[in-house]
Structures are given as structure tokens and as C-alpha cells.
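Participant: Structure below; questions to follow.
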Amino acid sequence: MALASGLAADRAAASHALARYRSEFPIFRDRIYLNTCSLGALGERTRRKVAEFLDVWQSRGASAWYDVWWEGLGELRRRYARVVGALPSEIALGPSISVPHRRLSVARQAGPRRGAGRRGEP
């Protein structure tokens, strides 16, 4: 298939900067998967990390929160902060985009808090 650019679709896809990750998603081997919402394509690294999470949970129980998982969340904040040019303390994590969005909208409706300022100002 030719694209509007005149390039063949398979050649254009292979030359894309993210094409090297395609092989990590088995579903892409035999279908076009367009669902990018809550159930995007499952990658092999994600499958391994979920298995690792379950192994730690099974062996450590809730105590894993106090070092393994809490430390992992801190590392995630640091890595994402570098990507977006922020400080790790400026990164908020949530289980989905809906949860933090709701919290922000409720806080905005409530109005400013007494003593709250920008970036540490009283």
C-alpha cells in the first residue's frame, strides 16, 4: 500500500523511530490493534514486570510497599521528570488519567487554600 507521501506503508513503518519496539508486542504479529485506551497492546516487558510484581507480593506481602514498591514509584517519578523537564516532586502518579483529573477539578472548584502559594511561596 502506498501512503500519501509516496512511500510504501511497510517501509515507512519500519523507518519510524519507535518501530524497534513493535516486536515486543505479540498482538502486532497478526493484527492491527488500534485500542490505545485502558487495554492497549500488552508488551513482553510488561508481562515480565507484572509476573515480578506478583512474585514479590506473594513472597513479601504488604511489607513490599515499604521498600520495593515505594522505591520503584520514586524511580518512576525521577525518570518521568527527566523526560518532561520537571522535578520529581512535581510529578503526581495516579492509576489512570481520570483519578488525578477528578482530584484537580474538585480542588479547583473548592478555590484557593489559605496560605497556599506557588512553588513554596507562603
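What follows is calculated from the coordinates using simple rules that are stated; it is not laboratory data. No experiment lies behind these values; they were computed from the predicted model shown. Glycine gets a Cβ as well: all are built from the backbone with ideal geometry, and neighbour counts include every protein chain shown.
Participant: Using a simple charge model, +1 on the beta-carbon of Lys and Arg, -1 on the beta-carbon of Asp and Glu, nothing else, what dipole does the range 11-107 show about its Cα centre, in debye to the nearest 20?
Facilitator: In total the dipole reaches around 380 debye.
Participant: How would you classify the range 11-117 from its alpha-carbon gyration tensor, with a ≥ b ≥ c the square roots of the eigenvalues: rounded for a/c under 1.5, else prolate if a/b is greater than b/c, otherwise oblate?
Facilitator: In terms of gyration-tensor shape, oblate.
Participant: Out of Ser89, Gly40, His16, whose Cα points farthest toward the positive end of the dipole of the range 11-107 (charges: +1 Lys, Arg; -1 Asp, Glu; placed on Cβ)?
Facilitator: His16
Participant: A further question on this structure: If you stretched the chain out fully between Val68 and Ile32, how much longer would it get, using 0.36 nm times the residue separation minus the C-alpha to C-alpha distance?
Facilitator: 9.3 nm
Participant: With a ≥ b ≥ c taken as the square roots of the eigenvalues of the C-alpha gyration tensor of the range 34-91, please select rounded if a/c is under 1.5 and otherwise prolate if a/b is larger than b/c or oblate if it is not?
Facilitator: Because a/c hits 1.5 or more and a/b fails to exceed b/c, the range 34-91 counts as oblate.
Participant: Let me ask you something else. If we count other beta carbons within 10 Å of each Cβ, what is the order of Val68, Val84, Val50, fewest first?
Facilitator: Exposure proxy ranking, most exposed first: Val84, Val50, Val68.
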